[in-house]
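The values are calculated or read from the model by the stated rules, or taken from the named source; none is laboratory data. Treat the numbers as computed from the prediction; the structure is a model and nothing was measured. Note that we place each Cβ from the backbone using ideal geometry, even for glycine, and neighbour counts take in every protein chain shown. In case anyone asks, the SASA skips ligands and DNA or RNA and just uses the protein heavy atoms, side chains included. Shrake-Rupley method; radii C 1.70, N 1.55, O 1.52, S 1.80 Å.
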Amino acid sequence: MESRPFAEQRLVCFPHAGGSPYFFRGWGKALSEFEPHAVCYPGRAERIAESPATDLKKMARQIATALGPSMESRPTAFFGHSMGAIVAYETACALEDDGIATAHLFASGARAPHLMRGDAAAAAGWDDESIARSLIELGGTDAELLRNPAFLELVMPYIGADFRMLSAYSAGERAPLGCAVTALVGTSDPRVGPEQADAWRESTRGSFRRVSLPGDHFYLAADPPYAVIREASLG
């Protein structure tokens, strides 16, 4: 988002399913201690001409390859929301496989990876109607927009691809991460409760903390957790 060569750390933000880097557009100004980055998945924003990703682990490996050369110059923390938390986790895993450590993983609004059970039939069952119902339930999209044919024609290809990709995901067996993990969850989140957030503890051999914040699945849209990020990363 902005080059800050003298910032103490980098912060790389991973959007939710159907999300784009623009979701985090105000974060760089608020978190001036960090050099802010946001991941753009294929099929949206400036990558709208590309086909959406269909394999979450493969996409994470591509992100890791892009990030790897810059990771060792200064500490880099990851913040991922919802599907983005799983993508951030898999990216951190891929980097660890290459001997590159992530400084901190913030997993927001997501069940722990080992709770994800890939289901090909469930993935195939995500049609436009069921996706629209889910978006309304989660609170991330204005219901009026979902009645706009032009909007649906533009966004449904990549939103649907994200939902199907996440439904097909399984973490598999692997060693816990070495970095600290902070799990964040909205107190009124209809999909993720404290127990599912606490399960992120099993994803790390480092320190772990769960933070519950007021709001639903998209609690961070109205009140981003800047203080949590700053405290955990910088002390």
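Quick rundown of the values:
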| item | result |
| --- | --- |
| Members of segment 72-84 found to be over 16 Å from Gly118 (Cα atoms), in contact (Cβ under 8 Å) with a residue 60 or more places away in the chain and not hydroxyl-bearing (Ser, Thr, Tyr), listed by number | Arg74, Pro75, Ala77, Phe78, Phe79, Gly80, His81, Gly84 |
| Subset of segment 48-101 [of a type in the set (D, E, K, R) and under 24 Å from Pro224 (Cβ atoms)] | Arg74, Glu90 |
| Residue count, segment 1-18 (criterion: modelled with pLDDT under 90 and touching a Gly at 6+ places or on another chain (Cβ under 7 Å)) | 2 |
| Check on Glu50, at pLDDT 90 or above, open to solvent by 30 Å² or more (accessible area, probe 1.4 Å) and over 22 Å from Ala183 (Cβ atoms) | yes |
| Lone qualifier among Gly118, Gly109 - being of a type outside the set (Ser, Thr, Tyr), within 9 Å of the chain's Cα centre (by Cα) and over 16 Å from Ala180 (Cα atoms) | Gly109 |
| Of residues in segment 97-111 being part of a loop (DSSP other than H, G, I, E, B) and not hydroxyl-bearing (Ser, Thr, Tyr), the one nearest to Gly186 (Cα to Cα) | Gly109 |
| Inter-residue pairs, beta-carbon under 7 Å, first over 19 Å from Ile63 (Cα atoms) and of a type in the set (D, E, K, R) and in segment 21-46, second assigned to a helix (DSSP H, G or I) and modelled with pLDDT of 90 or more, 6+ apart | Glu33/Arg230 |
| Residue satisfying all of: in segment 199-235; among the small types (Gly, Ala, Ser) and part of a helix (DSSP H, G or I); modelled with the lowest pLDDT among these | Ser233 |
| Qualifying residue in segment 23-30 (condition: open to solvent by 20 Å² or more (accessible area, probe 1.4 Å) and under 17 Å from Phe78 (Cβ atoms)) | yes |
| Subset tally (residues that are closer than 18 Å to Glu137 by Cβ and either surrounded by fewer than 20 Cβ atoms within 10 Å (Cβ to Cβ) or hydroxyl-bearing (Ser, Thr, Tyr) (or both)) for segment 165-182 | 1 |
| Some residue of segment 183-193 being crowded, with 18+ Cβ neighbours inside 10 Å, within 22 Å of Tyr22 (Cβ to Cβ), at pLDDT 95 or above and aliphatic (A, V, I, L, M) | yes |
